[in-house]
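Here is the structure we will look at, set down as structure tokens.
The values are calculated or read from the model by the stated rules, or taken from the named source; none is laboratory data. Small disclaimer: the values here were computed from a predicted structure and weren't measured. Cβ placement follows ideal geometry from the backbone for every residue including glycine, while neighbour counts extend to all protein chains displayed.
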Amino acid sequence: MFGYQGNILRINLSTGKVGVEKLDEKLAKDYVGGRGLATKIFADEVDALVDALSPANKLIMATGPLSGTPTPTGGRYMVVTKSPLTDTIASSNSGGYWGAELKFAGYDMIIVEGKANKPVYIQIEDDNVEIKDAAHLWGKLVSETTDILEKDAPEKARILTIGPAGEKLSRIAAIMNDRFRAAGRSGVGAVMGSKNLKAIVVRGTKKVPIADPEKLKEVVKDCTKKIRENGVTGEGLPTYGTAVLVNIINENGVFPTNNFQLSQFAEADAISGETLAEKYLTKKDPCYRCPIGCGRYCKTDKVEGGGPEYETIWAFGGDCGVSDMPAVIEANFWCNEYGLDTISTGTTIAAAMELRQRGFIKDHEMDGLSLEFGDAEAVVGWTKKMGMREGLGDKMADGSYRLAESHGIPELSMSVKKQEMPAYDPRGIQGQGLSYATSNRGGCHVRGYLISPEILGLPEKLDRFTLKGKPEWTKIFQDLTAFIDSTGLCLFTSFAMGAEDYGNMVQAATGMEWSAEEVLKAGDRIWNIEKLFNLASGVGPDQDTLPPRLLKEPIGEGPSVGEVTRLDGMLDDYYSLRGWDENGIPTQAKKDELGIE
Amino acid sequence: MDIKVRLFATLREGRSKELMLQLEETPSVEKVLTELEIDERDVAILLINGRDGAIDQILTEGDVVSLFPPVGGG
């Protein structure tokens, strides 16, 4: 095979058995790699009703056919498992260098099964795979674990690990790699913790076989040029990182503030990308073979490290009413150390603040901290308590839905399918509302980033307040994203590249035919198998919705005043476009068309 | 009339981030760009009072014009 290493590494932690299996070429053609291929294999092997934190759940780390190749941004990997947060399929993506290194070790993916009887870590050095004792690592922060493993590991090894939050089965725990990179969402870190697996160290020295090296060189040159000449990927993201979005989203009046009670934050500029670059940025921190280099490395009087990203700044900043950038950077730092998802952590603190505001959280639960909107010390303090599951932080560590539900008011959780929504108020961005409601992993912006056409004007500007055309745009964005997530490339390339470009790269690398049409069809196929897994897991169409606040309470101020998400005006058309019945269930005809069961 | 202009990202370079412009009656956004010596091609996103605006749109007293170069993220 070309583009692929052709090998799946399967490790059973219950039995200690390690094996290598051949990758099925037909499956690779139908499901590409990464998110698609791992989901297909996962859904075929695992009962959808499995308890996500039981040994019967499996955990897959998957690269794509472009991971570890000379393509721009080809260093990413995808974690696929059943989510303990949402009970849906989880596919959580991360950058850095670990994904490419796994490919160099000779594997397209790792499937981890069972549960070790004591803490362990896995060390992979090409063909040599060992399960090793991790007693000395358990309880350690991400930086401590990485420091220790780097000393013992083969030279140039890359390290993936969970922090204390994953060990303590926090349903919003992340898997961290290369210190600051996170497969953040959907609680994948808790699945790793439930298997007593602390870390995976990998070192590889093999090349990725390429079908047509000359053609790939040509296509890479063309795509890299597009990335460098595009205003977003060539200048905006390299200069300011993702945080550049703070001001533009706020200016549009769709920057959720105080747990979505407001939609504009008066002090947004204090936590903007411009402020970050001016006062706190010390260097850029790019991923493997990335010509964009959006990654930030920041320093305050107290901490320094990777990040923060836009979503993180919003979650701890605007959503908690906090305008203190050093506190936001510190909260981000502790999320990286404990291995917590920054979006779910910040938004859960915001939900706790509203629960406190409304009298649900009592004085005796405060543990010396405040839960007032705008309190900078609170976001740092509660992040640490969530990371260690201390006091009220124990309950908060399972996310905002379970926290609000425990007080009998789950609607205060600004989540979809129990996963917290990120940093865009969908009441003023109609297509994004549909994208959130129909996302296969719950509240998420990177399943269909309608912000791109509705706010940023890419590839063309859509009126953000109208419904017309939004179901079509949502489906195309979701399908293309599913394909990109399966290649091993970064989604940010799509600001500059289209379906044809991705098809050309995968074709040159693998030798398989990939037209733009086939690219979108593969994305559609992947989307449908995710949906079918969710349905089998009991997450039905009744959950294709948004919190009541966003459907019923109009925005009260600013440029998007008076708006709610008019989901009813889009959902039926969306289901119909997908070839699903009126209840949002894929029809037999659709399944036949895509060749899925 | 008084128009408030808010500049972002690289458009802030060599300029302040927020300023008041006093312009003659019925100015367009184009006039604002001329006053600030901003090349229209450098403006990717143009908002008037937080809503999508156009370069030839006529402004009224108290309008807030927000100008962005190409930006993105997520």
Anything in the stretch A:453-482 that is within 25 Å of A:Ser186 (Cβ to Cβ), within 12 Å of chain B (Cβ to nearest Cβ) and touching a Ser or Thr at 6+ places or on another chain (Cβ under 9 Å)? List them, or say none.
A:Phe477, A:Thr481
Taking the stretch B:25-52 and keeping residues more than 9 Å from chain A (Cβ to nearest Cβ) and assigned to a strand (DSSP E or B) leaves B:Ser28, B:Leu46, B:Ile48
Could you look through the stretch B:53-74, keep only residues that are in a strand (DSSP E or B) and within 7 Å of another protein chain (Cβ to nearest Cβ), and pick out the one that is nearest to the chain's Cα centre (by Cα)?
B:Ser66
Across (1) crowded, with 18+ Cβ neighbours inside 10 Å; (2) in a strand (DSSP E or B); (3) more than 21 Å from the chain's Cα centre (by Cα); (4) of a type outside the set (D, E, K, R), A:Ala199 clears everything bar (3)
Just checking, how many residues over the stretch A:531-579 are touching a Pro at 6+ places or on another chain (Cβ under 7 Å) and in contact (Cβ under 8 Å) with a residue 40 or more places away in the chain?
11
Unique match (being touching a helix residue (DSSP H, G or I) at 6+ places or on another chain (Cβ under 7 Å), farther than 25 Å from A:Gly443 by Cβ and in a loop (DSSP other than H, G, I, E, B)) among A:Pro286, A:Pro308, A:Pro291
A:Pro291
Condition first: facing chain B (nearest Cβ under 7 Å), part of a loop (DSSP other than H, G, I, E, B) and in contact (Cβ under 8 Å) with a residue 12 or more places away in the chain. Can you find one or more residues in the stretch A:244-266 that meet it?
yes
Residue among A:Leu450, A:Leu434 that is away from every other protein chain (no Cβ under 14 Å), touching a Lys or Arg at 6+ places or on another chain (Cβ under 8 Å) and surrounded by 24 or more Cβ atoms within 10 Å (Cβ to Cβ)
A:Leu434
Can you tell me which residue within the stretch A:292-304, out of those that are under 26 Å from A:Pro256 (Cα atoms) and out of contact with any Ser or Thr (no Cβ under 8 Å at 6 or more places or on another chain), is farthest from the other protein chains (Cβ to nearest Cβ)?
A:Thr300
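Results for (1) modelled with pLDDT of 95 or more; (2) within 14 Å of chain B (Cβ to nearest Cβ); (3) crowded, with 24+ Cβ neighbours inside 10 Å, shown as yes or no for each residue.
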{"residue": "A:Asp394", "(1), (2), (3)": "yes, no, no"}
{"residue": "A:Ser400", "(1), (2), (3)": "yes, no, yes"}
{"residue": "A:Glu405", "(1), (2), (3)": "yes, no, no"}
{"residue": "A:Gly408", "(1), (2), (3)": "yes, no, no"}
{"residue": "A:Glu411", "(1), (2), (3)": "yes, no, no"}
{"residue": "A:Lys417", "(1), (2), (3)": "yes, no, yes"}
{"residue": "A:Met421", "(1), (2), (3)": "yes, yes, yes"}
{"residue": "A:Ile484", "(1), (2), (3)": "yes, yes, yes"}
